[in-house]
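Right, one structure below, let's go through it.
Coordinate-derived values only; no laboratory data. What you are looking at is a predicted structure, and each value in this text was computed from that prediction instead of being measured. We place every Cβ from the backbone using ideal geometry, glycine too, and count neighbours over all the protein chains shown.
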Amino acid sequence: CAGGTGNPLVTTDTAAALRAREIEADILLKATKVDGVYSAPPEINPHAVRYEKLTYDQVIKDNLRVMDIAAIEMCRAAKLPILVFDFKREGNIERAIAGQPIGTLISA
């Protein structure tokens with residue numbers, strides 16, 4: 001079995017941002033194993049805070065590492081919001097598509 005992004009030398013995050021821009025998506029859905037963006041890794045720091053909303057600049061300035069910087073900067077340039085959410089939680093993909101408040105929204 002093989003996989004790939006179709007874009008050599010870029011991460012899956014950057015490839016997703018590229019595709020989202022190409023298709024003029026309204027939002028980039030970052031389905032992952034955590035329920036949003038935290039101030040620190042919650043498995044290491046029990047006092048880590050989950051953010052409901054962040055700006056692209058906050059993510060970059062605070063080095064929050066939710067996605068690679070190239071992907072964040074590409075989304076910022078395109079004014080493309082990013083929703084980071086836990087895809088393992090039942091119903092979350094549907095909630096994300098419906099625009100319900102889950103995870104962390106990154107925007108301007």
Item to check | Nearest-20 debye value, the range 18-86 charge dipole, Cβ charges on Lys, Arg, Asp, Glu | outcome: 80
Checklist entry - Taking the chain as a Gaussian network, where each spring joins two C-alpha atoms under 10 Å apart, which residue of Glu94, Glu43, Glu24 fluctuates the most? => result Glu43
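Please report the antiparallel percentage of the DSSP beta bridges confined to the chain, to the nearest 5.
The antiparallel proportion sits near 40 percent.
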Checklist entry - With axes computed from alpha carbons, what is the tilt in degrees of helix 12-22 against the longest principal axis of the chain, rounded to the nearest 10 within 0 to 90? => result 60
Checklist entry - Looking only at Ala70, Ala20, Ala48, which one moves most when the chain is put into a Gaussian network model with springs between Cα atoms under 10 Å? => result Ala48
Checklist entry - With each pseudo-label sitting 7 Å past Cα toward Cβ, what's the Asp68-Phe87 distance in nm, one decimal? => result 1.8
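Between rounded, prolate and oblate, where does the chain land on the alpha carbon gyration tensor, with a ≥ b ≥ c its root eigenvalues, rounded for a/c under 1.5, else prolate if a/b exceeds b/c?
Note, shape of the chain comes out rounded.
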Item to check | Candidates Arg89, Arg19, Arg65: whichever shows maximal mean-square fluctuation once the chain is modelled as a Gaussian network with Cα springs under 10 Å | outcome: Arg89
Checklist outcome for this item: Simple spin-label estimate for Glu22/Ala40, 7 Å along Cα→Cβ, in nm, reads 4.0
Checklist entry - For the chain, what does -39500 (n - 2.57) per DSSP helix run (n ≥ 4), summed and divided by total residues, give at 222 nm, in deg cm²/dmol to the nearest 500? => result -8500 deg cm²/dmol
Item to check | Between 0 and 90°, nearest 10: helix 69-78 axis offset from the chain longest Cα axis | outcome: 70
Item to check | Distance (nanometres) between label positions extended 7 Å along Cα→Cβ at Ala108 and Ala15 | outcome: 3.0
Next on the checklist: How high is the relative contact order of the chain? Use alpha-carbon pairs under 8 Å, at least six apart in sequence, and give a whole percent.
Outcome noted: 34
